[in-house]
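The values are calculated or read from the model by the stated rules, or taken from the named source; none is laboratory data. These numbers come from a predicted model, not from an experiment. With ideal geometry, Cβ positions are generated from the backbone for all residues, glycine too; neighbour counts draw on all protein chains shown.
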Amino acid sequence: MTSAVNHFTYGLITPLLAYVMSCIGSMLGLRLTAQAHASRGGARVRWLLGAAISIGGTGIWVMHFIAMMGFEVEGTQIKYDVWLTVASALVAIVVVGTGLFLVSYGGGRILALLGGGLLTGLGVASMHYLGMYAMNMSAHVSYDRLTVAASVGIAVVAATVALWFTLRVKKPIWITGAALVMGVAVSGMHYTGMYAMHVSVDSDPAIVPGADALDFLVPLMTVISLITLTMLLMVILSPSEEELHEDAELVAKLELRRRTAHQQQLTYPTPMPRQQPMQARRR
């Protein structure tokens, strides 16, 4: 029989908290990406990895499972497969990281942006439905295909817009606005996907295997959130993008001055002092 599904067991607390976490992760990810674009070599890679964890881990994955804390199905317990849930977190981080690297090293080309957005959007949707598949219930779950397609479309558009933001948004005020938009997009994708779900509880409910949300999800979300806070401190203590550009310009000027001086030495060599003839030794 079809059972009543409640997405807001605790009222507006879970969706609002999920949205806030999505905005925080997106905001930090955009800030880290700005740092990456102003850096070179290994530093750039490290900043992009941090951005992937912030956006994929906190902005998407943590947001998803905070929202799931308010999900309830009448007539059955809900537990989670540990390894599938961990895999969903890794999927979110890896696909976002892949998209960020494609765009960051793509030279701003539209093809890199669209390809990265498509790949990241499909990955985010995969993370969502893998996380849903990780739920264990004494019930049969089915999905409306049209609504699922709509959620995937939202994910692709949201991912493309997010990657575009990483290329264009630099100033803190615009980063904040972009993060608010990204939070709406990610939350919209999540609840559209949840709306596609139809649950039929078994007539004879059995014991549900898996881990309870409070015993497993909360510690995992706490770890990812602490990592995000650590990266936030790194951003606060690191030089801003303008300071990095100023340092790079100063280094370039000093290098140009050194090369100019070296070239002048080659063109106009300094004459060697004439040596006085040695006097003959007295016998």
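Select from the stretch 113-171 the residues that are among the polar types (S, T, N, Q) and more than 21 Å from V201 (Cβ to Cβ) and list them in ascending order.
T120, S126, S151, T160, T166
Quick one: is S187 in contact with a helix residue (DSSP H, G or I) (Cβ under 6 Å, 6 or more places away or on another chain), touching a residue at least 12 places away in the same chain (Cβ under 8 Å) and in the same structural domain as A67 (by TED's automatic domain parsing)?
When the stated conditions are applied, S187 passes them.
Does the stretch 1-17 hold any residues that are among the hydroxyl-bearing types (S, T, Y), surrounded by 13 or more Cβ atoms within 10 Å (Cβ to Cβ) and modelled with pLDDT under 85, and which are they?
S3
Just wondering, is there one or more residues in the stretch 192-205 that are modelled with pLDDT under 80 and surrounded by 10 or more Cβ atoms within 10 Å (Cβ to Cβ)?
Yes, the stretch 192-205 contains a residue that is modelled with pLDDT under 80 and surrounded by 10 or more Cβ atoms within 10 Å (Cβ to Cβ).
Here are some residues: G177, G210, G97, G131. Which one is closer than 15 Å to G29 by Cα and surrounded by 16 or more Cβ atoms within 10 Å (Cβ to Cβ)?
Of G177, G210, G97, G131, the one residue that is closer than 15 Å to G29 by Cα and surrounded by 16 or more Cβ atoms within 10 Å (Cβ to Cβ) is G97.
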